[in-house]
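Only one structure is covered here, and it is reproduced in the block below.
Any read-out appearing in this document is the output of simple, stated calculations on the displayed coordinates, not a laboratory observation. Note that the structure is a prediction, hence the values are computed from the model and not measured. Cβ placement follows ideal geometry from the backbone for every residue including glycine, while neighbour counts extend to all protein chains displayed.
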Amino acid sequence: MKISAIIPVKTFSNAKSRLNLANDVKEHLCKIMFEEVLHTISIANSIDSVIIVSKDQEVFDIAKKFNVIEIEDKTESGVNNAVSLADEYLNKNSFDASIVFPQDIPFIKTQDIDFLLQFQSSPNCTLIVPSRKFDGTNALMRMPTNLMKTHYDEDSYKIHLNVGREKTKNTSLVFVKRIMMDIDDDSDLKYCLHQKEKLDFCNKITKLLE
């Protein structure tokens with residue numbers, strides 16, 4: 001099975017408006033989160049390729065050392081459009097499945113991806129990992145890659161679950177703690193740091209916030 005990860009990445013300077021941090025600190029945090037996510041996904045044995053979709057050249061500069069597929073999102077008109085650009089590439093290049101991950105789940109580990117894929121039960125399958133607050137989708141696996149369009153918006157995991165069930169009975173909601181740990185606001189940042197996952201990375205964030 002040929003699987004690609006898709007990571008849509010918003011321009012760093014425009015990301016994470018809900019974090020109460022100075023702009024330069026916020027931008028640096030976005031960069032180190034993205035690099036941590038990309039590092040983890042790129043070394044996962046179950047992922048054959050990683051697609052980065054972004055408008056920001058800084059994103060591609062970071063991504064170069066990870067041997068990814070780069071797709072420019074000239075309009076940066078939202079996650080759904082970014083994913084659709086990746087979908088076009090996957091459909092043309094005979095990929096069997098894709099998993100969409102956000103750029104802000106730095107505590108993900110390779111074993112979390114392996115665990116998620118254990119729930120893949122047929123050639124027609126949708127797997128959804130919600131965010132910790134159940135207000136978004138932190139992983140969306142689609143097999144085949146054109147099974148359904150994405151619906152990233154308010155309560156996106158509910159929409160993905162409902163649309164997935166319309167497309168295939170093999171649709172599951174999967175709870176994977178570290179994938180569910182995204183950083184959108186100050187409460188997320190505090191919670192994640194207290195979980196003591198990836199201590200070296202936590203120390204890097206703590207140093208940045210000093």
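For this structure, a couple of remarks:
- Relative contact order for segment 3-209, counting Cα pairs under 8 Å that sit 6 or more residues apart, in percent: 23
- Taken about its Cα centre, segment 16-132 carries a charge dipole of roughly 260 debye when the Cβ of each Lys and Arg holds +1 and the Cβ of each Asp and Glu holds -1.
- Dipole size of segment 49-110 about its Cα centre, with +1 on Lys/Arg Cβ and -1 on Asp/Glu Cβ: approximately 200 debye, rounded to the nearest 20.
- Label separation (ASP24 vs LYS207): 1.7 nm, computed from points 7 Å beyond Cα along the C-beta direction.
- Ranking TYR89, GLN120, ILE52 by how far each Cα lies toward the positive end of the dipole of segment 36-172 (charges on Cβ) leaves GLN120 at the top.
- Among (i) 15.8, 46; (ii) 16.1, 49; (iii) 17.5, 61, the entry that matches Rg and Dmax of the Cα atoms in Å as calculated here: (ii)
- Segment 1-56 versus segment 118-174: alpha-carbon centroid distance in Å: 20
- Here the dipole of the chain is about 540 debye; that uses its Cα centre as origin and unit charges on the Cβ of Lys and Arg (positive) and Asp and Glu (negative).
- Relative protection proxy for 62-72, 190-200, from highest mean packing down: 62-72, 190-200 (other beta-carbon atoms within 10 angstrom).
- Remark: spin-label model distance LYS169-SER46 equals 2.4 nm, labels positioned 7 Å along the Cα→Cβ axis.
- Long-range amide H partners of SER131 with built H, under 5 Å: GLY136, THR137, ASN138
- GNM on the chain, alpha-carbon springs under 10 angstrom: the most fluctuating residue among ILE105, ILE43, ILE52 is ILE43.
- Taking each residue as 0.36 nm, the span from PHE66 to ASN124 lengthens on full extension beyond its C-alpha to C-alpha distance by 17.9 nm.
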